[in-house]
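The structure under discussion appears below in the form of structure tokens.
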Amino acid sequence: MRQVIAGNWKMNGKFSDIAAYAAGLSAAPMPVTLVVCPPFPLLAGFAAALKGSEAALGAQDCHANASGAHTGDVSASLLAEAGASYVILGHSERRADHGETNADVAAKVEAALAAGLIPIVCCGETEAERDAGEAEHVVRSQLTHSLPPGFAGLVAYEPIWAIGTGRTPSEADVAAIHAAIRAVLVAQFPASGAATPILYGGSVKPGNAAGLLALPEVGGALVGGASLNIADFLAIAASAPAAPAPAIAASALAS
Ligand code: PEP
């Protein structure tokens, strides 16, 4: 399976950034699936600029309801209509800034799936939780309660203390927590959990991406700050291991 490299622009970017960034995303074939997640107002412009490109578009949140009196919120179906195919849900900044709970995230995941969007569900511990030896427990609990029955999408492990700080966990720590996440996914979703991509996020840069993306159970990256610069984002994507070649059918070998 190709790795997924998703760029989370957060509350950054302008209409005038779209053309050059979309051209960069479309320029070179990549061994990964590239996803750019700009602020809501830029989605439709990006969708137009990415027509014919293999790169995909994502949003940074959606509401749990299909429509209604929710000032300032956006429905999943409108995101899909604007051209998004992915949506980031449960990012730690939304959990902190907007008090989103695991139950809120699970409801949003259901709404995203109903609208045909692919959710990227975030989880991750605070520094205090890691120092207390509780990182795996916290992440397990977040996922158990944030992923509804029938979940189909991606998970992003993003230690909160690594977001925007330039610090990352050791590669051994990333591998250990991704293995724990895999175990949760397999237990919770026996039919699909083994294949759910698990992205790493938190200060991924061109200089550390190759090591992180080569770790077992790392299926790509969710990139914040470094995704704002197209050259850095593409350098991260280029350092992902290529997807394994498809297996050759026995019948083809026999002929
Ligand atoms: C993020 O917020 O999703 C993120 C990974 O940010 P950064 O890469 O800037 O740490």
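The values are calculated or read from the model by the stated rules, or taken from the named source; none is laboratory data. The model shown is predicted, which means the values in this text are computed figures rather than measured ones. Methodologically, a virtual Cβ is constructed for each residue, glycine included, from the backbone with ideal geometry; neighbour enumeration extends over all protein chains shown. Keep in mind that these areas ignore ligands, DNA and RNA; they rest on the heavy atoms of the full protein, side chains included. Shrake-Rupley method; radii C 1.70, N 1.55, O 1.52, S 1.80 Å.
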Inverse of mean 1/r across different Cα pairs in the range 1-66, Kirkwood, Å: 12.4 Å
Which value in Å does the Kirkwood hydrodynamic radius of the range 52-105 take, with 1/r averaged over all unlike C-alpha pairs and then inverted? 12.1 Å
Unit-weight point scatterers at every alpha-carbon of the range 165-232, Debye formula, q = 0.16, 0.21 1/Å: log10 I(q)/I(0) is -0.56, -0.85
For the chain, which whole-number percentage of the solvent-accessible area (1.4 Å probe, protein heavy atoms only) is attributable to carbon and sulfur atoms? 60 percent
Within the set of other residues whose C-beta is less than 13 Å from the C-beta of residue 121, count the net charge using Lys and Arg as +1 and Asp and Glu as -1. -2
Ordering 187-197, 143-153, 62-72 by per-residue average of other C-beta atoms within 10 angstrom, highest first, gives 143-153, 187-197, 62-72
Compute log10 of I(q)/I(0) for the chain with the Debye formula, placing one identical point scatterer on every Cα and leaving out solvent, at q = 0.13, 0.17 Å⁻¹, to two decimals. -0.79, -1.35
Quick shape summary for the range 13-152, equivalent ellipsoid via Cα gyration tensor, semi-axes whole Å in descending order, reads 28, 19, 14
Solvent-accessible area per residue, Å², over the chain with all protein chains present [probe radius 1.4 Å]: 44 Å²
Of 90, 220, 207, the most mobile residue in a GNM of the chain (C-alpha springs, cutoff 10 Å) is 207
What is the Cα convex hull volume of the range 72-194 when expressed per residue in Å³? 117 Å³
What helices in the chain pass both tests, a Cα length along the helix axis of 15 Å or more and a mean Kyte hydropathy of 0.5 or higher, using whole DSSP H runs? 102-114, 171-188
So the FRET efficiency between residue 20 and residue 137, C-beta based with R0 = 45 Å and rounded to 0.05, is 0.55
Cβ-based net charge around residue 25, under 14 Å, with every Lys or Arg adding one and every Asp or Glu removing one: -2
